[in-house]
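In what follows, a single structure is set out as C-alpha cells and then discussed.
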Amino acid sequence: MLAIINANVVTMEETDYPNGYVLVDRGKIKAVGGMQEFGDECKIIDAKGEYLFPGMVDPHCHVGMWEECVGPAGEDGNEDTDPVTPHLRALDAINPADRAFADAYSAGVTTVVTGPGSVNVFGGQFAAVKTFGKRIDDMVVRAPAAQKLALGENPKSAYGEKHRAPSTRMATAAILRETLFLAEEYHRAKEEYKKEPQKNPRPPFDMKLESLLPLLSGEIPAKVHAHRADDIFTALRIAEEFGIRVTLEHCTEGHLISKYLKGHFVVTGPAFNNRSKPELANLSFGSPAVLAKAGAVVAVMTDHPEVPVQYLPLCAAMAVRGGMAKRDALHAVTINAARCCGIADRVGSIRPGKDADLILASKSLLDFEYRPTMVMINGVVMR
C-alpha cells in the first residue's frame, strides 16, 4: 500500500480535506480522509501541503489517431469514403506510441476519450483509455464509450464536394433517421428470431447495424458534433424520436439557447481556435459559464490536435476567465468529463474504489503556473 499524506485533497466529491491523505492499494483508492484519521503503516509520499487532485479527463479528443510529427501517415481519424461508418472502432486506430500520450500524462491528463473525426454522419466508436501504456487493449477504461455522430458543416462539405449525400443539413438528418430506423428493424428481427426461431427467419448479419445496438439499448450515448444552435436542436429532436442518449459535443452556440439545455450533458470547446468557419461565428470562452448556470452538466474538451491535449487545464482556466465558477471549471475537466463519458465509476474524483489516478501540484489546476510534481495512473507514479 501507498499513502499520500499532508495533502490539500480536492476530491471533486462533496467533501475536501485541506490537510488530508489518500491511501492507494493495488491501483485503486482505498481510503481518503483528514490526517487526524490516518494511522496505516505503509510507504509514504509526503505532499507537504500541496494540492492533490484526481487525474484529469479529456472527454473529447483524437489522441493517437492524428499522431504528432507524422503527417498524413498518422492520420487515421476520418474514413471519408462512406458517410455511414458506425462499425469503425477507435481501438483499431489508436497508436499508444503517439507522443501526445506522454504530453497528456505529464500534464496530469490521465484519461482521454478519443475517437473518429466528424466528416461522417456516423463516424464510429469512441474509446476511453488511460494515457500510459504500450498496448492499447491494456489501457482501456471503456470501449466502446460512445458512437460518434456529426451534424452541420463537416459532413455536408466533405460529401457535397464529392457530389454525394449529404450535401445539406436535411440529408444529414435523413441519413441519421434512416440508419437508426434500419438498426431498430434489425434489432426487432433478431429478437423475433430469438423468441420463435421456427417461425421467423434469422436476419442476415449486418456489421454496421450491429454496432448501433449498444446505442439503441442505452448502453452507450451518441457523441453528437453540433456547433450551431439549429444543429443542437436537431440532435435533441432525433435523440427524442429514437430514445437514445446524447452528449452535445462542441455546442458552440449553446450559450444562445442555454435555457433549453438544462440537465443535458454538454462537452464544450475547443475555444482556443480562431473562427475558421461560419458555424464558429459565436465562439466564446463565456459559453461554459452560461451553460453551467443554466443547469447543464458541462465538461471542457481540447479536441486534440485542435488544441494540444496538455493544455486541458488551460482550457478550464480560460472558462473561469469567461465567467465560470472555479469549482465548476475543475469539475469540467474531472468528474463532469467522466460523467459525460459514462466512466465516473472509475475516474474523475477521489473516492474509495476508484482508480488511483492522482495529481500532486503546488498550484491549482487553474493557475497559469500549474505544473504537476507527481502524476499517478492506476497507482503507479509516472513522474
### Task
Over 20 Å between C-alpha atoms is what I'm after, so list which of LYS262/LYS354; LYS43/LYS130; LYS30/LYS354; LYS223/LYS262 land there.
LYS262/LYS354; LYS43/LYS130
### Query
Residue by residue, what Karplus-based ³J(HN,Hα) values in Hz, rounded to whole numbers, does region 68-82 have, using 6.51, -1.76 and 1.60 with θ = phi - 60° and x for Gly and Pro?
5, 6, 10, x, x, 4, x, 9, 10, x, 10, 8, 8, 10, 7
### Task
May I ask you to derive the relative contact order of region 1-140, considering only C-alpha pairs under 8 Å and at least 6 residues apart, and to give it as an integer percent?
21 percent
#### Entry: Residue-wise HN-Hα coupling along region 172-187, computed from phi with Karplus coefficients 6.51, -1.76, 1.60 (Hz; x: Gly, Pro)
4, 5, 5, 5, 4, 5, 4, 5, 5, 5, 4, 5, 4, 5, 4, 4
### Message
Between helix 312-321 and the chain, what is the angle of the helix's C-alpha long axis to the longest principal axis, kept within 0 to 90° and rounded to the nearest 10?
### Response
90 degrees
### Query
Over what distance in Å are the Cα centres of region 197-273 and region 178-196 separated?
20 Å
### Message
Looking only at the chain, where both bridge partners belong to it, what percent of the DSSP beta bridges are antiparallel (to the nearest 5)?
### Response
55 percent
### Task
Give a residue-ordered list of calculated ³J(HN,Hα) values for region 34-49 (Karplus: 6.51 cos²θ - 1.76 cosθ + 1.60, θ = phi - 60°; whole Hz; x for Gly, Pro).
x, 4, 5, 8, 7, x, 6, 9, 6, 5, 10, 10, 8, 6, 6, x
### Message
At a threshold of 8 angstrom on Cα-Cα distance, excluding pairs fewer than six apart, so keeping six or more, what relative contact order does the chain reach in percent?
### Response
20 percent
## Note on the structure
Expressed in angstrom and rounded, the centroid-to-centroid distance over alpha carbons for region 1-33 and region 111-149 is 29 Å
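No lab work stands behind these numbers, since they all come straight from the coordinates. None of these values were measured; they are calculated from a predicted model.
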